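S.K.: Would you mind keeping the following structure in view while I ask a few things?
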Amino acid sequence: GPKSTVISGDEVLVEELAARWPGRSRRLSVSHAFHSPLMEPMLADFAAVLSELTWHAPELPVVGGEVDRPEFWVRHAREAVPFHDMVTELEGHVFIEIGPDATLSAMAADAGVWLPALRRDRDEAQTAVVALGGVWAHGGPVDWTALLGTGPAQRLDLPTYAFQRERYWPRIREFTPAVNSVDAQFWQAVQQGDGAALAGTLGVDEQGVT
């Protein structure tokens, strides 16, 4: 991903690399060192099993290679996964992760919208519906009929108080002082140095104004 990667291979070498980032790496619980030279002893047997299968072109577009050929999966088991390249190529899309947890979503969270369809220790149905809601909220197409059935769906009104668009913060307005005729006359007399007018506004004798 943009800020993380997976290192696979000989345990000693991997541990040496991980030691360069203390506290920022963790060991993955996997059965094999996939996508590394340690997979080479099984490639021939793997290819033999794949050759017995019947292959068809995928109905959904797939980015990354010809997945309807057994050679692709043999290379996939051995070679590095260009995950970052694929994410970059699909920049701007909404990603739905279909897997046992949100591993990829966490790795590429800064590269777009990621919605895991399954989460560890969470209700499966609820997590899947939340993912669908995320797709819908980001403008993606969702066939709600497939989820709700063909019958009339019950629509519930959302609470209006959260969507009234009413601001309760003070609005800053340009201050316009109230115009008072006596004050205006006072300051006009001060600016003009008119002692008589100033005395009149203050209600005193002109001799008392300096």
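S.K.: Counting only the heavy atoms of the protein chains, how much of H56 is accessible to a 1.4 Å probe, in Å² to the nearest 10?
M.R.: For H56, the solvent-accessible surface is approximately 140 Å².
S.K.: So, one more: Counting only protein heavy atoms and a 1.4 Å probe, tell me what percentage of the range 32-157's accessible area is made up of carbon and sulfur.
M.R.: 58 percent
S.K.: To continue, here is another question. Highest first, please rank the peptides 72-81, 137-146, 41-50 by the mean number of other Cβ atoms sitting within 10 Å of their residues.
M.R.: The peptides rank, most packed first, as 72-81, 41-50, 137-146.
S.K.: Only Lys, Arg, Asp and Glu count, each charged at its Cβ (+1, +1, -1, -1), so figure out the dipole size of the range 75-141 about its Cα centre, rounded to 20 debye.
M.R.: Dipole size: approximately 140 debye.
S.K.: Given the whole protein assembly as supplied and a 1.4 Å probe, what does the accessible area of F34 come to in Å², nearest 10?
M.R.: Surface accessible to solvent at F34 totals approximately 90 Å².
S.K.: Hey, can you find the accessible area per residue of the range 1-145 for me, probe 1.4 Å, expressed in square angstrom? Present the calculation step by step, with values, prior to reporting the outcome.
M.R.: Values: 10860 Å² over 145 residues.
For the range 1-145, the solvent-accessible area averages 75 Å² per residue.
S.K.: Please report the accessible area of T88 (heavy atoms, 1.4 Å probe, ligands and nucleic acids excluded) in Å², nearest 10.
M.R.: Counting only protein heavy atoms, the figure is 70 Å².
S.K.: Still on this model: Sorted by accessible area with a 1.4 angstrom probe, largest first, how do S4, S36 fall?
M.R.: On the way: S4 45, S36 0 Å².
From most accessible down to least: S4, S36.
S.K.: Among L132, L115, what's the order by accessible area (1.4 angstrom probe), most exposed first?
M.R.: L132, L115
The values are calculated or read from the model by the stated rules, or taken from the named source; none is laboratory data. What you see is a predicted model, and the numbers here were worked out from it, not measured in a lab. Note: ideal-geometry Cβ built from the backbone for every residue, glycine included; neighbour counts use all protein chains shown. Accessible surface areas use protein heavy atoms only, side chains included; no ligands, DNA or RNA. Shrake-Rupley method; radii C 1.70, N 1.55, O 1.52, S 1.80 Å.
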